[in-house]
Amino acid sequence: MSGLTLRAASAADIPALQAIERDAAERFRPLGLLTLGEGGSSVVSADDHARAIAAGLSRIAVREGEAVGFAMGALHTREVYLHEISVLRAHQGCGVGSALLDDFAAAARAAGANAIILSTFRAVSWNAPYYARRGFVELPATEHAPWMRATERDQAAYVDVALRVFMRREL
């Protein structure tokens, strides 16, 4: 992928990560799936980004000096929760997300994980179907760990969790 650099995110990158997240969330506005205010979406807190960075689970994509995407997550025993992949709308559809997913998987393996788990919209083409094409399979509710149920409760504040699905990919 021409001109794209993937690297570990740093604390200095947090404002750029939050700006990317706000921009990428706008793609959902016409779908009405997220609670987005006039100023855009709320973003992952700086503290949560700092924890992902400290754990080695925050990756950033940079093209020509501009931060264009990121992936971040958290380790739960031997599984990594991929909290988010966001790519600036102007850079979507050209492989940045796929490159970030592969890079994040390598970071997850390095952190000792044996699987990546994520929560995403079931029927949005660039969500569950996208991840299914990349080897993720749906996890039935009977297989949700306690941390996954807590994640779903947290998500209920800004999204209809009935429209979402947890998915897993072995590493």
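Once the chain from ALA123 to ALA141 is taken as fully extended at 0.36 nm per residue, the excess over their C-alpha distance is 4.7 nm.
Estimated from helical segments only, the mean residue ellipticity of the chain at 222 nm is -9000 deg cm²/dmol, where each DSSP H run of four or more residues counts as -39500 (n - 2.57).
What the Cβ-Cβ distance of ALA132 and ALA111 gives, at R0 = 25 Å and to the nearest 0.05, is a FRET efficiency of 0.55.
Here is the P(r) of segment 68-127: all C-alpha pair distances, binned every 10 Å from 0, give 23, 51, 25, 2 in whole percents. For segment 95-171, carbon and sulfur atoms together expose 55% of the accessible surface, with a 1.4 angstrom probe and every protein chain in place. For the pair HIS76 and LEU31, the difference between a 0.36 nm per residue extended length and the Cα-Cα distance amounts to 13.1 nm.
The dipole here belongs to the chain: it is taken about the Cα centre, uses +1 on the Cβ of Lys and Arg and -1 on the Cβ of Asp and Glu, and is about 360 debye. At a probe radius of 1.4 angstrom, the accessible area of segment 67-171 per residue rounds to 46 square angstrom. Taking every Cα-Cα distance in the chain and sorting them into 5 Å bins from zero, the calculated P(r) comes out as 1, 8, 18, 22, 23, 18, 7, 2, 0, 0 percent.
The values are calculated or read from the model by the stated rules, or taken from the named source; none is laboratory data. Since the model is a prediction, treat every value here as computed from it, not as a measurement. Cβ atoms come from the backbone with ideal geometry, glycine included; neighbour counts cover every protein chain shown. SASA here: full protein model, heavy atoms, side chains in, ligands and nucleic acids out. Shrake-Rupley method; radii C 1.70, N 1.55, O 1.52, S 1.80 Å.
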